[in-house]
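This report refers to the structure that appears directly beneath it.
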Amino acid sequence: MRRLLLLAIAVVTGLAAVSLPRPEAAESPSFTGPAVVAEEATASGTVWYCPWLAADGTRDGWLMLAATSPTDVEITMPNEVPNVEPTQQAFAYGGPTAEPIEVGSLVRRGPSPAYVEFTAGPAAVSAVVTEDLASGSTLVAGDRCNSSVPKLWHLPGGTTREGRQSTLRLFNPFPDQAKVTVTGTSEFGAVGLVDLAALDVPGRSWLTVDLNRLVSLIETLSLTITADQGVVIPSMVVASAVDEATWPGTGLGTTWEFPVVRQTGLNPRVVVSNPGAVEVTVEIDVYSQEDFVGGARVVTVPPGSPMSIPVGDLIGGPFGLRLRASDPVSAVVIAEDISTGEDGAAVGDATDRIAGTVGAGVPQLRWLLPGPGSLPTAASALWVLNSGSERVTVTLQPLGIDTLEPDKVVLRPRRIARIVLPQGDDVYGYEVSAPQPISAAWTVESGDGVAFIAGIGVEE
Amino acid sequence: MPATLSAVSRQAYGAARIVMVGGDREGRKAADGAGTEWMSSVGALLSSLDPAITHVWIVHGGAEPRPDALEALLVEAEREDVAAGIAGSKLLYLDHPDRLVSVGVATDVFGAPYTGIDDGEVDHGQYDVVRDVAAVGGASMLVRRDLLRGLRGPDPLLPPTAASIDLCQRARLRGARVVVVPSSEVLVPEVVGSDWREDAGEIRAMVKVYSPLTLGWVLPIRFLVGLLEAVAAPFLGRWTLWGWLKAWGWNLTRLPSTLRARAAARTNRVAGDEELFRFQLRGSTDLRRLGSDTGAALRERLPGDDRLSLTEIGRELRQPAFVVGAAAVGFVAVATRTLWNGFPAVGYSLPLPPSGLDLAGAYAGGWNPGGFGSTEPLEPFAALAGMAQTIMFGSPRLAAGVLIGGAFLAGIWGAVRLLRTWGVNAVSGTMAGLALMAGPAGRAIAEGTGLGTMVALGILPWALRIPLSRAPRHRSGWIGRVAAAGWVSGLLALAAPALLLVPVAALSGLALITPREPGPWRAAGVSGLGALLALPILLPWVAVTDLRSYLSAGDAFWDPGWLLVVAALAALVCALVAAPARLSQIAGWGGVIAAVGVLVARTAEIGPGRHVELAGTAVTALGTTIVCGVALEVITQVRLVTGWRRVVAGIGVVGAMALVTSAVLVFLPGRAGLPNDRLSEALRFTAAADGKPALSRVLLIGPPDTLPGESRLVDGAAYRVLSAPSPALWEVGLPESAAVDEALTDTLEDLIAGESFRGGEALAPFGIRWVIFTGDSPFQAVFASQLDLVPLQGLRSPTYASDAEGARRIRPGTGWQVDGTGFARAAPGTGRVFIADTANSRWGTEWEAVSWGNEVSAAAIVGFEPIQIRRTLGIVALVFFVGLLGTSIWGRRFR
């Protein structure tokens, strides 16, 4: 009896043990890597990567810096030669400041990707490359730099058609070697870029890829850059015979605002890339200084394919646009002198200027625009888009070495404002703010060169 | 004395004079009573002797020579071929005249006597031959008068045995022969033991006769042998320390007299030390006795009735108990072979720090260096390991091997002793011991890197066995028993505090199962008292630790291999069914213990944590051991277990053997079941880094089960910091999060948020110089996008080195070295230094909290000033432990 009792106690205790539940699995990480902001560039970023900079015997690069509070600044330009220390310059700003830094004053060795670090923000960086600026310039190319380092980048808007030279720059500012895969799509579907699979980008260096050599006669080339190891910051450079346009990698979004689409004389188009698996309906609203056309164009972008949408015929004069998509897409605006017919073929005999820029995913209350007014002999203009339904008073706070008084502009609902800036006013940037969300950009023009440069939103 | 005088006067060969020497007034009174001449000293006697007297026969009071004793001595000593200066008699017990006391005496080089006679050895005439000996028994020695005069008689300061050895040695230096004459028989009363005076006399005798060269080595060795005996003898129930001290002290105070006597002894000598060596034994008789006693003590603890003796050794060696015991020792040697290189760096196991005293000091009020450090007490195992390391000459490797190897041996041996309580034979007990230490539960503890619990597992059976031992007859014996239970429970608790109450609970369970037997009740009581006495041994930890946090840290959920659970269940059921009633109850008791252990080890849902799981698993191991032992024993009981019961018992044996043979999983890798070292290799490169890598930290990132010890989470990703290049055991735990931890968390969150891309610079203030990934983590993408963290190629784990300056725990300044838990350098600097540890005002003079860290004056030594009350409590605990140990040794005399 006692044996049975002991056995029963042991078995019952054992069964009780078996019935006890396993503890819940440990918490799993709630992130997959460094946070990637949708904008790829917000003024809260502390490091700005500018892949397309260059300075040599004919070209000058300009780092346009703007900061709204005291901060230390350090510019680093890695050397392509392994184990050679990068070129660095450090300085400090005591308050709201904007300043153009001529890359040629630091190095003159051709391509010179750089990154700029701020110890406090908001701060922002744009980068512009010029050629023969003193003599009136035949080339102006630039855009805002990136402060985000996602593992996946989208670069729409490339082309290898006749008369255009597209170059991909992959900048790896980090010590770790990066391994990236570049895939492409065109109006014909997927593009075979075998040479760009598992591409090694050495740490603290960069790689320049001549896309025309790999895939020729592609009208619309959209690239996707995936970092399998490490991180890179890409940019696209599209060159015509006399001018260049460059824009950074971007992300995906269902809304993109472009405050500047057409500079006088340029014929704009929007290139939309749909990396998804389903068709995307894209609706374009256009905003001019005097008019607004909602749903001015509605197109369907097939999956896995980019589409170049001409928008020059939608409205007269300078204008901006808002693009709304049924699923996330990437988009850039490209404006060229060459007019294209319905079949996309070039017509006419224009100067062949080219500009391009990325859009703003989210309108913001504050924008930093480093650079307007910086380039001697070049004409700059601010572009502000109010896609909202209310009139807003926009404050334009000039930034320079000295303290400057702000201007105010009243902007009607669903309109753009184009403010042409005077030259030689010691103004090297602007902080644009409004009580309602707006988006802002700026343009620079000199001789045969023109550039569209996106503003950098200040997240509140 | 009258009997002695009577026996002397009855000698066939009549003496010229019979004189009673010494004894002061009482001696004189006795001599007067017997009508015998009395003289105060041998010297006085010698000067009074007629020159016609050729020999002096010295007989001790109490001795009773046979009537022909003197004649035999004289005849043999005067033989031409003998011509002895000193002749001694064969000594027999007065109470047992057929049993030998001595037939001459050999000595070792240290002057210690050795008779070569076994206790109670009967005289069959086996030693009856006249021969040269080192010395003769002092009870009866015939000395030539001229020789005795030249030697100035026996040394009056020496006790009898030492005096006779001394006299014989001095005689040899004068060229005289010393022989034993067995035909001369003298009966002597039994003398029990010897006191320190004999030891002192042996030392004095050595000093008197040896050359300076010989003294140069025999004296130090004699000193060390005595010390060794003093250390080891308590384990054999003897206490020789005070005697050893007294003997040397006595000689020190009498050194002038000894030197004078030496001068006299060595004057006119005709022989050297080699003449003395001729009749001496090799080695040390004290050591030989110690070894013999140890062997006997060991043999006593093994089952069987026969004690170790020369005649039995051969037979015993062929017994299964010895074969299995030897196999178990071999098993332990192989199964723990890699641990003699130190503890592996994996899980909750890290190598011991360079100094055991530092480790013990960190436990007792020192700085807890886990993470960024704290004043939270280290686990008590740190004290145990630190003391073990100190005893092992400070060697971390030796201490690791001794702790785990010793635990394995102690566990197996303890299982044998515990199971012997119920008559389980040594073979079954040894097998069960293997199941205890290397069975499924033991392996689970090792796989969970519960170093302390592994050691505790070796102590656990003793914590049950000691209270269960046969009841002492005397109160003193009881005191010793309770003290033994106290210090064993204390050791158990030091190794694994959660196991403290297990013995008393298990014994109470046994008492409930066998309510009519007084033994288990008594044992439960002794065990309970032992547990109470163990509490002070846990000081200061028990006084300052948060027991709730300690017991709830982690998750208690052991998932045993269910195949082996079936095997254990089979062994239990079969033992319950087939075993005789008493053994069946013990098997049932073991089964209940094992089941309760499993239950406890899976209670994560209601709060208990890792320590409870380990304790529960250890309890399961204990229960399984008892079941295994009984299941294996049952089959050996051929007369009691017959018929179908025997078949059932066979099935039980299969189940038990499945558990035992699973120990091979421990045997082959040689790590006592501990996992392979994962961290040392990953950290090794840091040792070769520039500067002083030991001043920097490593940030380890990976899944929690790949990180050593405890870890923290940031956004669900696990990480922890350790010191480079080889973190030590005291870093396993992490204290409560402090400001420095929150600062590090904020920094990591900034990196995750993409708000900072200079990770090296951000981590440098924390002293973090390297980032190592122990497994997949989303942090890898974060650190791959840092501008100043350089990936190191050629390493197994993804590793980044910081480009940033000043990633050191102490800065600025050069020449700093890690010194225990603090820092030191050759010369004090000027100004102030920052210490990147948790802010605490005990870090040094003119301390100031700077951010989350410490800023102090740059002295030559910058360290944490111990918390004195805890240090005192630690010392009290140690003294209390030693006191209990001493009391238990003292109490063993009264078993």
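Let's see how each residue does on (1) hydrophobic (A, V, I, L, M, F, W, C); (2) touching a Cys at 6+ places or on another chain (Cβ under 9 Å); (3) facing chain A (nearest Cβ under 9 Å):
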| residue | (1), (2), (3) |
| --- | --- |
| B:CYS574 | yes, no, no |
| B:GLY588 | no, no, yes |
| B:ALA595 | yes, no, yes |
| B:ALA601 | yes, no, yes |
| B:ALA604 | yes, no, yes |
| B:HIS611 | no, no, no |
| B:THR625 | no, no, no |
| B:CYS628 | yes, no, no |
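Looking at this structure, is A:PHE292 surrounded by 18 or more Cβ atoms within 10 Å (Cβ to Cβ) and more than 23 Å from the chain's Cα centre (by Cα)? Step through it out loud before you land on a result.
Values: surrounded by 18 or more Cβ atoms within 10 Å (Cβ to Cβ): yes; more than 23 Å from the chain's Cα centre (by Cα): yes.
In short, yes.
Look through B:VAL627, B:VAL592, B:VAL638, B:VAL596 and report the one residue that is over 30 Å from the mean Cα position of the chain (by Cα), part of a helix (DSSP H, G or I) and without any contact (Cβ under 8 Å) to a residue 60 or more places away in the chain. Write out each step before concluding.
On the way: B:VAL627 fails: over 30 Å from the mean Cα position of the chain (by Cα); B:VAL592 fails: without any contact (Cβ under 8 Å) to a residue 60 or more places away in the chain; B:VAL638 fails: part of a helix (DSSP H, G or I).
On inspection, the qualifying residue turns out to be B:VAL596.
Just checking, does the range B:684-693 include any residue being modelled with pLDDT under 95, touching a Ser or Thr at 6+ places or on another chain (Cβ under 7 Å), under 16 Å from B:PHE766 (Cα atoms) and away from chain A (no Cβ under 14 Å)? If you could, list the steps in order and put the result at the bottom.
First pass over the range B:684-693, keeping only residues modelled with pLDDT under 95: B:684-693.
Still in the running and touching a Ser or Thr at 6+ places or on another chain (Cβ under 7 Å): B:693.
From the residues that got through so far, the ones that are under 16 Å from B:PHE766 (Cα atoms) too are B:693.
Add one more test, that the residue is away from chain A (no Cβ under 14 Å), and what stays is B:693.
Scanning the range B:684-693, I find at least one residue that is modelled with pLDDT under 95, touching a Ser or Thr at 6+ places or on another chain (Cβ under 7 Å), under 16 Å from B:PHE766 (Cα atoms) and away from chain A (no Cβ under 14 Å), so the answer is yes.
Would you please list the contacts, defined by Cβ atoms under 6 Å and residues six or more apart or on different chains, that run from a residue in the range A:103-122 that is away from chain B (no Cβ under 14 Å) to a residue that is surrounded by fewer than 16 Cβ atoms within 10 Å (Cβ to Cβ) and modelled with pLDDT under 90?
Once the first residue is away from chain B (no Cβ under 14 Å) and sits in the range A:103-122, no partner that is surrounded by fewer than 16 Cβ atoms within 10 Å (Cβ to Cβ) and modelled with pLDDT under 90 comes close enough.
Which one of B:GLY439, B:GLY450 is over 17 Å from the mean Cα position of the chain (by Cα), closer than 15 Å to B:PRO351 by Cα and surrounded by 24 or more Cβ atoms within 10 Å (Cβ to Cβ)? Lay out the reasoning, then the answer.
Details: B:GLY439 fails: closer than 15 Å to B:PRO351 by Cα.
After ruling out the rest, the residue left standing is B:GLY450.
With (1) closer than 25 Å to A:GLU24 by Cβ; (2) out of contact with any helix residue (DSSP H, G or I) (no Cβ under 9 Å at 6 or more places or on another chain); (3) in contact (Cβ under 8 Å) with a residue 24 or more places away in the chain as the list, and B:ASP546 as the residue in question, which single condition is left unmet?
(3)
Can you name the residue in the range A:135-160 that is of a type in the set (D, E, K, R) and under 14 Å from A:VAL237 (Cα atoms) and is also farthest from the other protein chains (Cβ to nearest Cβ) among such residues?
Initial filter on the range A:135-160 (of a type in the set (D, E, K, R)): A:143-144, A:151.
Right, trim to under 14 Å from A:VAL237 (Cα atoms) and you get A:143-144.
Numbers: A:ASP143: 20, A:ARG144: 17 Å.
By that ranking, first place goes to A:ASP143.
Among (1) closer than 25 Å to A:GLY457 by Cα; (2) buried (at least 23 other Cβ atoms within 10 Å of the Cβ), there is one condition A:GLN263 misses while meeting the rest; what is its number?
(2)
Looking only at residues that are surrounded by fewer than 22 Cβ atoms within 10 Å (Cβ to Cβ) and over 35 Å from the mean Cα position of the chain (by Cα) in the range B:576-585, which one is farthest from the other protein chains (Cβ to nearest Cβ)? Let's see the steps before the verdict.
Going residue by residue through the range B:576-585, those that are surrounded by fewer than 22 Cβ atoms within 10 Å (Cβ to Cβ) are B:577, B:580-582, B:584-585.
Among the residues that remain, those that are also over 35 Å from the mean Cα position of the chain (by Cα) are: B:577, B:580-581, B:584.
On the way: B:VAL577: 7, B:PRO580: 11, B:ALA581: 8, B:SER584: 5 Å.
Among residues in the range B:576-585 that are surrounded by fewer than 22 Cβ atoms within 10 Å (Cβ to Cβ) and over 35 Å from the mean Cα position of the chain (by Cα), the one farthest from the other protein chains (Cβ to nearest Cβ) is B:PRO580.
Read through the list (1) of a type in the set (Lys, Arg); (2) within 14 Å of chain B (Cβ to nearest Cβ); (3) under 18 Å from A:SER308 (Cβ atoms), then give the number of the only condition that A:ARG269 fails.
For A:ARG269, the failing item is (2).
Are there any helices (runs of 4 or more DSSP H) wholly within the range B:308-373 with 1 or more residues that are modelled with pLDDT of 90 or more and more than 19 Å from B:VAL666 (Cβ to Cβ), and if so which? Walk me through it before giving the result.
Values: elements: B:310-317, B:320-335, B:356-363.
Hits in the range B:308-373: B:356-363.
Among the residues in the range B:707-728, are any surrounded by fewer than 17 Cβ atoms within 10 Å (Cβ to Cβ) and either more than 14 Å from chain A (Cβ to nearest Cβ) or within 30 Å of B:ALA407 (Cβ to Cβ) (or both)?
No, the range B:707-728 contains no residue that is surrounded by fewer than 17 Cβ atoms within 10 Å (Cβ to Cβ) and either more than 14 Å from chain A (Cβ to nearest Cβ) or within 30 Å of B:ALA407 (Cβ to Cβ) (or both).
Is it the case that A:ARG161 is surrounded by fewer than 23 Cβ atoms within 10 Å (Cβ to Cβ) and farther than 30 Å from A:VAL333 by Cβ? Before you say what the answer is, go through the steps one by one.
On the way: surrounded by fewer than 23 Cβ atoms within 10 Å (Cβ to Cβ): yes; farther than 30 Å from A:VAL333 by Cβ: no.
It is false that A:ARG161 is surrounded by fewer than 23 Cβ atoms within 10 Å (Cβ to Cβ) and farther than 30 Å from A:VAL333 by Cβ.
Residue by residue through the range A:229-243, note down the ones that are under 11 Å from A:ARG164 (Cβ atoms) and at pLDDT 90 or above.
The answer is A:VAL237, A:VAL238, A:ALA239.
Answer yes if at least one residue in the range B:230-237 is at pLDDT below 90, assigned to a helix (DSSP H, G or I) and within 18 Å of B:THR161 (Cα to Cα), and no otherwise. Walk me through how you get there before you give the answer.
Filtering the range B:230-237 down to residues at pLDDT below 90 leaves B:230-237.
Those left that are additionally assigned to a helix (DSSP H, G or I): B:230-236.
Applying the additional criterion that residues be within 18 Å of B:THR161 (Cα to Cα) yields none.
Within the range B:230-237 (the criterion being at pLDDT below 90, assigned to a helix (DSSP H, G or I) and within 18 Å of B:THR161 (Cα to Cα)), the answer is no, since none of the residues qualifies.
From the list B:VAL648, B:VAL660, exactly one residue is of a type in the set (Val, Ile, Thr), touching a residue at least 24 places away in the same chain (Cβ under 8 Å) and more than 25 Å from B:ARG602 (Cβ to Cβ). Which is it?
B:VAL648
Within the range A:181-190, identify whether any single residue is buried (at least 22 other Cβ atoms within 10 Å of the Cβ), under 20 Å from the mean Cα position of the chain (by Cα) and within 14 Å of chain B (Cβ to nearest Cβ), and answer yes or no.
No, the conditions are met nowhere in the range A:181-190.
Among the residues in the range A:159-171, are any more than 20 Å from the chain's Cα centre (by Cα), part of a strand (DSSP E or B) and at pLDDT 90 or above?
Filtering the range A:159-171 down to residues more than 20 Å from the chain's Cα centre (by Cα) leaves A:160-164.
From what is left, the residues that are part of a strand (DSSP E or B) are none.
Looking for residues that are more than 20 Å from the chain's Cα centre (by Cα), part of a strand (DSSP E or B) and at pLDDT 90 or above, one finds none in the range A:159-171, hence no.
Filter the strands (runs of 3 or more DSSP E) completely within the range B:739-826 down to those with at least 2 residues that are buried (at least 19 other Cβ atoms within 10 Å of the Cβ) and within 11 Å of another protein chain (Cβ to nearest Cβ). I'd like the intermediate steps shown before the answer.
Details: elements: B:768-773, B:789-791, B:799-802, B:817-819, B:822-824.
In the range B:739-826, the matching strands (runs of 3 or more DSSP E) lie at B:789-791, B:799-802.
In the range B:1-63, which helices (runs of 4 or more DSSP H) lie fully inside it and hold 2 or more residues that are over 18 Å from B:GLY150 (Cβ atoms) and touching a residue at least 24 places away in the same chain (Cβ under 8 Å)? Quick ask: steps written out before the conclusion?
On the way: elements: B:2-9, B:24-34, B:42-48.
It comes to B:2-9, B:24-34.
If I filter the range B:222-263 down to residues being loosely packed, with under 14 Cβ neighbours inside 10 Å and of a type in the set (A, V, I, L, M), which single residue comes out as nearest to the chain's Cα centre (by Cα)?
Within the range B:222-263, the match that is nearest to the chain's Cα centre (by Cα) is B:VAL231.
Go through (1) β-branched (Val, Ile, Thr); (2) at pLDDT 90 or above; (3) in a loop (DSSP other than H, G, I, E, B) one by one and return the number of the condition A:THR183 breaks.
Against the list (1) β-branched (Val, Ile, Thr); (2) at pLDDT 90 or above; (3) in a loop (DSSP other than H, G, I, E, B), A:THR183 comes up short only on (3).
Tell me which residues, restricted to the range B:115-154, are at positive phi and either among the hydroxyl-bearing types (Ser, Thr, Tyr) or buried (at least 17 other Cβ atoms within 10 Å of the Cβ) (or both). Please lay out each step first, then the result.
Narrowing the range B:115-154 to residues at positive phi: B:116, B:120, B:125, B:152-153.
Answer for the range B:115-154, where residues must be at positive phi and either among the hydroxyl-bearing types (Ser, Thr, Tyr) or buried (at least 17 other Cβ atoms within 10 Å of the Cβ) (or both): just B:GLY153.
Quick check on this structure: which one of B:LEU457, B:LEU538, B:LEU512, B:LEU492 is surrounded by fewer than 23 Cβ atoms within 10 Å (Cβ to Cβ) and farther than 24 Å from B:ARG582 by Cβ? Before you say what the answer is, go through the steps one by one.
Values: B:LEU457 fails: surrounded by fewer than 23 Cβ atoms within 10 Å (Cβ to Cβ); B:LEU512 fails: farther than 24 Å from B:ARG582 by Cβ; B:LEU492 fails: surrounded by fewer than 23 Cβ atoms within 10 Å (Cβ to Cβ).
None of the others qualify; the one that does is B:LEU538.
Given (1) surrounded by fewer than 22 Cβ atoms within 10 Å (Cβ to Cβ); (2) touching a residue at least 40 places away in the same chain (Cβ under 8 Å); (3) touching a Leu at 6+ places or on another chain (Cβ under 9 Å), identify the lone condition not met by B:GLU517.
All conditions pass for B:GLU517, except number (2).
The values are calculated or read from the model by the stated rules, or taken from the named source; none is laboratory data. Treat the numbers as computed from the prediction; the structure is a model and nothing was measured. Because the Cβ atoms are built from the backbone with ideal geometry, glycine has one as well, and the counts that use them run over all protein chains shown.
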